[in-house]
Amino acid sequence: MTKSEIIKILKDKNPHLQLKEVASAVDIFFDMIMDTLKKDGRIEIRGFGTFSIRKRKGRIARNPRTGEKVEVKERRVVYFRAGKGLKDQLNKTS
């Protein structure tokens, strides 16, 4: 699902809102998530999951095409852990 699809679904469920308002709200939501994660924050959406930052150590890797050794610097990555509600929905048997 893309951001524009999310905006369209929200607009369809809330016809009293203008498309620009819905798009702005979605942009603000994603901006808040990114800003919090940039500051090494943690985002918890109950029933859905938790986003956090983890640090990966630097290492020496190998270029698979040439076999040359390449240094990979330390970096931060986003980690998502699904919440109980999401896990239950995914594993629900019909």
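Would you calculate the separation in nanometres between label points at R62 and K13, each defined as 7 Å from the Cα along the Cα-to-beta-carbon direction?
In this crude spin-label approximation the distance works out to 4.9 nm.
If you add up the charges near G83, with Lys and Arg at +1 and Asp and Glu at -1, over every other residue whose beta carbon is less than 11 angstrom from its beta carbon, what do you get? Provide the component values of the computation, followed by the final result.
Numbers: positive: R46, R81, K84, K87; negative: E44, D88.
In short, +2.
Out of I53, M34, H16, whose Cα points farthest toward the positive end of the dipole of the stretch 15-62 (charges: +1 Lys, Arg; -1 Asp, Glu; placed on Cβ)?
Projecting each Cα onto the dipole axis, the largest value belongs to I53.
Using a 10 Å cut-off on Cβ atoms, rank the peptides 23-36, 52-65 from the highest mean neighbour count down. Let's see the in-between values first.
Values: 23-36: 12.9, 52-65: 10.1.
The most tightly packed comes first, giving 23-36, 52-65.
I'd like the orientation of helix 3-13 relative to the chain: the angle between its Cα long axis and the longest Cα principal axis, in ° from 0 to 90, rounded to 10.
20 degrees
With θ taken as phi - 60° and the coefficients 6.51, -1.76 and 1.60, list the Karplus ³J(HN,Hα) couplings across the stretch 52-59 in order, rounded to whole Hz; mark glycine and proline as x.
Result, ordered by residue: 8, 10, 10, 9, 9, 5, x, 7 Hz.
Straight-line reach from K11: which lysines have Cα under 27 Å away, leaving out those fewer than 8 places along the same chain?
K3, K20
If the chain between V77 and T2 were fully stretched, how many nm would it gain, using 0.36 nm times the residue separation less the Cα-Cα distance? Numbers along the way, then the final one.
Numbers: separation 75, 0.36 × 75 = 27.00 nm, distance 2.10 nm.
Difference between extended and current length: 24.9 nm.
From the phi angles alone, apply the Karplus equation (6.51, -1.76, 1.60; θ = phi - 60°) to the stretch 14-24 and give each ³J(HN,Hα) in whole Hz, x where the residue is Gly or Pro.
Karplus values, whole Hz, x for Gly and Pro: 10, x, 6, 9, 6, 4, 5, 5, 5, 4, 5.
At 25 °C and a viscosity of 0.890 mPa s, what translational diffusion coefficient does Stokes-Einstein give for the stretch 23-94, taking Rh as the Kirkwood radius over Cα pairs? Give it in µm²/s as a whole number. Provide the component values of the computation, followed by the final result.
Numbers: Rh = 15.1 Å.
Diffusion coefficient, whole number: 162 µm²/s.
Values in this text are rule-based calculations from the coordinates and carry no lab data. Note that the structure is predicted; figures quoted are calculated from it, not measured. Cβ: placed from backbone, ideal geometry, glycine included. Neighbour counts: every protein chain shown.
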